[in-house]
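Asks: Pasting a structure below so you can have a look.
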Amino acid sequence: MKKRKFEDWKFEQIQNEFGYKRYYKNFALLETWQACQEPINPAETERLEQLRERLFYYAETWNEDELKFMFISQLMELVNFYSEHYKIFTQRKFAAVIGEWEVNGLVDFVVANGLQTPSQPFFFLHEYKQESKRDNDPLGQLLIEMVVAQQQNEAKFPLYGCYVVGRFYFFVMLNGQEYAVSPAFDASSSDIMSIFCMFRFVKRYIEEKVGV
């Protein structure tokens, strides 16, 4: 049995080893996600503008913890991924045997149902890298986490994900053995409103799945 940690996977290896296919256009689920129009109230708009301005000034100087604490966690708090039916989990171990590979590692951020242990994952957020540091493949690491969750889930439905590189957000949809990645959204620009809408779309999707 061959073993490899999440952080050591590249997206091309996942495609070659497990038969996953990437679509660069005409992936309907991702297009629907990108085109979503979720309501944003005036208080949320004001807070998003405050966060956008903060990121604009500091994205190039923050380290990973500062980026997570000063921006990402506060953006997620505004989205409000909390309910009696689902919640945020961070730094949780996931593992699976896929073919001849034993794959495992810690997941930065996952929204799932469960109280102490994530049982049915719906959405993954990965990387928290500052802009000056790129020592692995963030798409590969996010994708393998989603593949492991897909292997474990009894219910087979599309999974949503996002990886972050400094101010840039890339959204990933995985459906069966097909996936697609959005263009970069710049959270230090007006794109922050679209980013927030896409997170809110995921929240509504989760609530539909868990019957809220």
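Asks: Of the residues that sit in region 37-48 and are loosely packed, with under 15 Cβ neighbours inside 10 Å and either farther than 18 Å from Asp186 by Cβ or not β-branched (Val, Ile, Thr) (or both), which one is nearest to the chain's Cα centre (by Cα)?
Replies: Checked region 37-48; the qualifying residue nearest to the chain's Cα centre (by Cα) is Gln37.
Asks: Mind telling me which of the residues Leu30, Leu78, Leu51 ends up being at pLDDT 95 or above, on the phi < 0 side of the Ramachandran plot, buried (at least 18 other Cβ atoms within 10 Å of the Cβ) and in contact with a helix residue (DSSP H, G or I) (Cβ under 8 Å, 6 or more places away or on another chain)?
Replies: Leu51
Asks: Right, next: Restricting region 147-157 to residues that are touching a helix residue (DSSP H, G or I) at 6+ places or on another chain (Cβ under 9 Å) and surrounded by 17 or more Cβ atoms within 10 Å (Cβ to Cβ), which is farthest from Ser190 (Cα to Cα)?
Replies: First, pick out the residues of region 147-157 that are touching a helix residue (DSSP H, G or I) at 6+ places or on another chain (Cβ under 9 Å): 147-148, 155-157.
From what is left, the residues that are surrounded by 17 or more Cβ atoms within 10 Å (Cβ to Cβ) are 147-148.
Working: Val147: 32, Val148: 34 Å.
Filtering first and then ranking leaves Val148.
Asks: For Tyr24, which of the numbered conditions (1) surrounded by fewer than 17 Cβ atoms within 10 Å (Cβ to Cβ); (2) closer than 19 Å to Phe201 by Cβ; (3) aromatic (Phe, Trp, Tyr) fails to hold?
Replies: (2)
Asks: Can you pull out the residues in region 158-187 that are crowded, with 17+ Cβ neighbours inside 10 Å and acidic (Asp, Glu)?
Replies: Listed by number, the list holds a single entry, Asp186.
Asks: For region 132-198, which fully contained strands (runs of 3 or more DSSP E) count at least 3 residues that are in contact with a strand residue (DSSP E or B) (Cβ under 6 Å, 6 or more places away or on another chain), among the aromatic types (Phe, Trp, Tyr) and on the phi < 0 side of the Ramachandran plot?
Replies: By residue number, 168-175.
Asks: If you don't mind, another one. Go through region 112-121 and count every residue that is of a type in the set (Gly, Ala, Ser) and without any contact (Cβ under 8 Å) to a residue 24 or more places away in the chain.
Replies: Looking only at that region, the number is 1.
The values are calculated or read from the model by the stated rules, or taken from the named source; none is laboratory data. Predicted model, so just to flag it, every value in this text is computed and none were measured. Because the Cβ atoms are built from the backbone with ideal geometry, glycine has one as well, and the counts that use them run over all protein chains shown.
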